[in-house]
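K.L.:
Handing you this structure, nothing more for now.
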Amino acid sequence: MAMAAMFYLIAFITLGSALMMVINKNIFHSALLMLVSFVGVAAVYILLHADFLAAVQVLVYAGAITVFIIFGIMFTMKGDPKKTNPFSKNAIPAAVLLLLFIVINAVTVVITVWPLSNLNPPETTVRAIADLMLSKYVVGFEVTAVLLLTAMVGAIVIVKGVKKSS
């Protein structure tokens, strides 16, 4: 009972912050609300005993991605930050599509027969994932790190601007 109440509280906070992120007029506040939404998703992972996914969610999304977005906003923002996220003219078609997707998802969840397993979840998922990431998939892991570093350097060069040599 307590786990269900905790799940509903976390879900309410996560969905509420995601909704406020979309509605908010200030893009900086929207980025901070996105951070709350990412942490809420990590909390759901913790409730599901997916400790590695929760840690990755906090480190990558709540940490790195949110910081990159906030830096991007700060580097490119011109004018009043309260008017940086204008209201879209497509709000009504978007609301209709949203309701359609909610109905489709609700019907899918209700009519699906969810199989139950008697298997116990693994005690920890970190060791198995770390063994794979640092042995079998080490090349892909390192290539991804170099790719992200290249993207970050490219973003800094674009934001800073290239001076013409005379």
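K.L.:
Using amide H atoms built in the peptide plane, which far-off residues or other-chain residues are under 5 Å from His49 H to H?
P.N.:
none
K.L.:
Span-like helices, the chain: DSSP H, alpha-carbon axial extent 24 Å or more, mean Kyte-Doolittle 1.6 or greater, which ones?
P.N.:
Working: long enough: 2-23 (31 Å, 2.19); 27-47 (30 Å, 2.26); 91-111 (30 Å, 2.78); 138-160 (33 Å, 2.19).
The answer, listed by residue number, is 2-23, 27-47, 91-111, 138-160.
K.L.:
Can you tell me which of Leu149, Leu100, Leu32 moves the most in a GNM of the chain? Springs connect C-alpha atoms under 10 Å apart.
P.N.:
Leu100
K.L.:
Another question about this same structure. For the chain, modelled as a Gaussian network with Cα springs under 10 Å, which listed residue fluctuates most, Phe101, Phe28, Phe75?
P.N.:
Maximum among the listed residues: Phe101.
K.L.:
If you don't mind, another one. Looking at the chain, which longest stretch skips every one of the trypsin sites (Lys or Arg not before Pro) that is in a DSSP loop with at most 10 other Cβ atoms within 10 Å, leaving the sites themselves out?
P.N.:
Details: sites that count: Lys78, Lys89, Lys163, Lys164.
Value returned for the longest uninterrupted segment is 1-77.
K.L.:
What percent do you get for the relative contact order of the chain when only Cα pairs under 8 Å and 6+ apart count?
P.N.:
That works out to 20 percent.
K.L.:
Which value in deg cm²/dmol, rounded to the nearest 500, describes the helix-derived mean residue ellipticity at 222 nm for the chain, given -39,500 (n - 2.57) per DSSP H run of n ≥ 4 and division by the residue count? Numbers along the way, then the final one.
P.N.:
On the way: 7 runs with 110 residues, N = 166.
Roughly -22000 deg cm²/dmol at 222 nm, from the helical runs in the chain.
Each reported figure results from applying straightforward, stated rules to the coordinates on display, with no laboratory input. Not measured: the values here are computed from a predicted model. Because the Cβ atoms are built from the backbone with ideal geometry, glycine has one as well, and the counts that use them run over all protein chains shown.
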